[in-house]
Amino acid sequence: MAIPVVEERDFEKEVLRSELPVLVDFYADWCAPCKTMEPDVVALAHELNGKAKVVKVNIDKSKMLAQKLRIQSIPTTMVFHGGRIAAAEVGVLRKAQLREMIDPFLPRAEGALRAPEVAQLLAQHQIALVDTRDPAVYARMHLPGAVNIPIAEVPTRLAELHMLPAEPVLYDRGGDQTKELAARLAAEGTPIAFLEGGVLAWEAEGLPIERLD
């Protein structure tokens, strides 16, 4: 996947007027660190396809734009959202760091909660976690205090969910199944929250896990 290179004359149309958030990689052909970062930018562009735009700007071919945006060294990465700079970082960034920059501006599914948000709500006793994985998997490892209701059983055990001591938040391994289930339940008039990215996102944040000794 080739990342589009935006020039000065197209910057307003492609970046500032974009309905989606835009991550812009400012680079130059002679910049070795820019080449080091290129595979991570390409990988992120694949991951964000349809959710955000990822473009490149060659500062040697867009000198006025670079000057206007005060680009003083490269690589420089900026996130534009709603026609303005929403985030900026200088230096080589890995894919996870690039993702962290643009994540707050991505469109979110109804009921989606990110791992740090879930951890904070859990610490405040405002939510109750519901592990929707198989019981054997749950028994080996689960999030703190989670109860187990396999995903196929959730629609028939909604009353049980609402008897929990706080608002239920569903999770699975990677977040896809609970996202789909939450969308279906919301369409039926029973909105429910879920952990975006599931256990994998929780672990990526270094948050605590309860494991069977």
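Okay, residues lined up against (1) within 14 Å of residue 130 (Cβ to Cβ); (2) part of a strand (DSSP E or B):
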position: 152; (1), (2): yes, no
position: 155; (1), (2): yes, no
position: 160; (1), (2): yes, no
position: 164; (1), (2): yes, no
position: 170; (1), (2): yes, yes
position: 178; (1), (2): yes, no
position: 186; (1), (2): no, no
position: 191; (1), (2): no, no
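Just give me the residues in region 132-163 being open to solvent by 40 Å² or more (accessible area, probe 1.4 Å) and of a type in the set (Gly, Ala, Ser), in sequence order. Scanning region 132-163 gives 136, 139, 145, 152, 159. Only one of the listed residues (83, 91, 50) is more than 30 Å from residue 203 (Cβ to Cβ) and exposed (fewer than 15 other Cβ atoms within 10 Å of the Cβ). That residue is 83. Checked against the criterion of being in a strand (DSSP E or B), touching a strand residue (DSSP E or B) at 6+ places or on another chain (Cβ under 8 Å) and among the hydrophobic types (A, V, I, L, M, F, W, C), the candidates 98, 23, 44 yield just one match: 23. Note on region 203-213: among residues that are open to solvent by 80 Å² or more (accessible area, probe 1.4 Å) and under 16 Å from the mean Cα position of the chain (by Cα), the one that is modelled with the lowest pLDDT is 204. Candidates are the residues of region 173-202 that are of a type in the set (Asp, Glu) and more than 16 Å from the chain's Cα centre (by Cα); the one that is surrounded by the fewest Cβ atoms within 10 Å (Cβ to Cβ) is 188.
Scanning region 62-80 for residues that are among the polar types (S, T, N, Q), in contact with an Asp or Glu (Cβ under 9 Å, 6 or more places away or on another chain) and either more than 23 Å from residue 20 (Cα to Cα) or assigned to a loop (DSSP other than H, G, I, E, B) (or both) gives a single hit, 62. Could you pull out the residue among 99, 114, 108 that is touching a helix residue (DSSP H, G or I) at 6+ places or on another chain (Cβ under 9 Å), touching a residue at least 60 places away in the same chain (Cβ under 8 Å) and of a type in the set (D, E, K, R)? None of the others qualify; the one that does is 114. Checked against (1) open to solvent by 60 Å² or more (accessible area, probe 1.4 Å); (2) over 30 Å from residue 45 (Cα atoms); (3) outside any helix (DSSP H, G or I), residue 110 passes all but condition (2). Condition first: within 30 Å of residue 35 (Cα to Cα) and buried (at least 16 other Cβ atoms within 10 Å of the Cβ). Can you find one or more residues in region 113-131 that meet it? The answer is no, given that none of the residues of region 113-131 is within 30 Å of residue 35 (Cα to Cα) and buried (at least 16 other Cβ atoms within 10 Å of the Cβ).
Residue 157 passes every criterion in (1) within 19 Å of residue 116 (Cα to Cα); (2) modelled with pLDDT of 90 or more apart from (1).
Restricting attention to region 193-213, the residues being part of a helix (DSSP H, G or I) and either touching a Cys at 6+ places or on another chain (Cβ under 8 Å) or more than 18 Å from residue 149 (Cα to Cα) (or both) number 5. Quick one: would you say residue 149 is of a type in the set (Val, Ile, Thr) and at pLDDT below 95? Considered against the rule, which asks whether it is of a type in the set (Val, Ile, Thr) and at pLDDT below 95, residue 149 comes out as no.
The values are calculated or read from the model by the stated rules, or taken from the named source; none is laboratory data. A quick note: this is a predicted structure, and the numbers were derived from the prediction, not measured. Quick reminder, even Gly has a Cβ in these numbers, built from the backbone with ideal geometry, and neighbours come from all protein chains shown. Ligands, DNA and RNA are stripped out before the accessible areas are found, and what is left, the full protein with its side chains, is counted by its heavy atoms. Shrake-Rupley method; radii C 1.70, N 1.55, O 1.52, S 1.80 Å.
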